[in-house]
Every structure is written in C-alpha cells, then in structure tokens.
Amino acid sequence: MIGKGVKNSMANDDKNNDNGNGNGQLILDSRTKTKKPSMYKVIMLNDDYTPMEFVVHVLQKFFGRSSGEATQIMLNVHQRGVGVCGVYSFEIAESKAQKTIDYARKNDHPLQLQLEKE
Ligand code: TYC
C-alpha cells in the first residue's frame, strides 16, 4: 500500500527515490508499523482415563512447569474440566499442543488439548 510505510516517490517524480531529501537517503515513515503477535492459550481438557501422574508429567515435560505448578494445573483441570497450560505465539502453542497429543497417544491416553486466542 502506498502512502503509509514508504512515501510514494513516483508521484512526485523523485529520481533519487529520496522524497526530495536530495542526498539519496530514503525517508521512511517514523510511525511504528510493528504489531504484537496474537497470543494463544493452550487449554487442557479433562477426561476420565488419563492418569493424573501422566498429566503432571506432560505439563513438566512440554510446558516447563515445576512439579507444584503442574500438580495445581492438573487439579484445576480435573475439578473444573479445563485449565491453561500456558500462553504462547500461535506457532509455539500449536507445536506444544501437537507434541503433547502425540506423546499421549503413544502412551495410549485420550488427553485432549485446544488452542484459544486471547
Ligand atoms: N480426570 C483424570 C483422572 O481422574 C485426571 C486428568 C486430569 C485427566 C487432567 C486429564 O487434563 C486432564 N484420572
């Protein structure tokens, strides 16, 4: 899009592409164009079959939780149905959720995780 980031040098016939600056330096808009990436919660769902110890183990292994944090998150999920493992950029959240599900399936547990945009 012309007019926001780099000023349009064709419109004013600017042969140096320097917006009339005259010394060959391209003038960039000083306003910031960066956007913070959206963050995603990795949500863990309760089920009746996955052992509590396994849930605590994966929270430590894939989400970097301490033993105490992992136990608390597991108990939240067990008692309320859902809980937050962590909050990450989309790519990291998706990767952690998929690795956890793959590991659970390999161990024959039905553990389920979902992403939720913040
Ligand atoms: N409800 C499971 C049990 O009683 C434990 C459990 C906790 C399972 C959290 C999944 O995400 C979960 N063995």
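Show the residues, 5+ positions off or on another chain, whose built amide H is closer than 5 Å to the amide H of residue 89.
40
What does the net charge come to around residue 84 if you take all other residues with beta carbon closer than 15 Å to its beta carbon, with K and R at +1 and D and E at -1?
On the way: positive: 41, 65, 80, 96, 117; negative: 69, 116, 118.
Cβ neighbours under 15 Å give a net charge of +2.
Output ³J(HN,Hα) for segment 106-118: one whole-Hz value per residue in order, computed from phi by the Karplus curve 6.51 cos²θ - 1.76 cosθ + 1.60 with θ = phi - 60°, and x for Gly and Pro.
Values per residue, Gly and Pro as x: 4, 9, 6, 10, x, 3, 10, 10, 9, 9, 9, 5, 6 Hz.
Rounded to the nearest 0.05, what FRET efficiency do residue 32 and residue 84 have when you use their Cβ-Cβ distance and R0 = 30 Å?
Values: r = 30 Å, r/R0 = 1.00.
That pair, residue 32 with residue 84, gives E of 0.50.
On a 1.4 Å probe surface of the protein chains, which of 61, 41 comes out largest in accessible area, and what is the full order? Mind dumping the intermediate values first?
Working: 61 110, 41 55 Å².
Reading off the accessible areas and sorting them downward yields 61, 41.
The values are calculated or read from the model by the stated rules, or taken from the named source; none is laboratory data. Owing to the predicted nature of the structure, the values given are computational and were not obtained by experimental measurement. All Cβ positions, even for glycine, are placed from backbone atoms using ideal geometry, and neighbour counts span all protein chains on display. We work out accessible area using only protein heavy atoms, side chains counted, and drop any ligands, DNA or RNA first. Shrake-Rupley method; radii C 1.70, N 1.55, O 1.52, S 1.80 Å.
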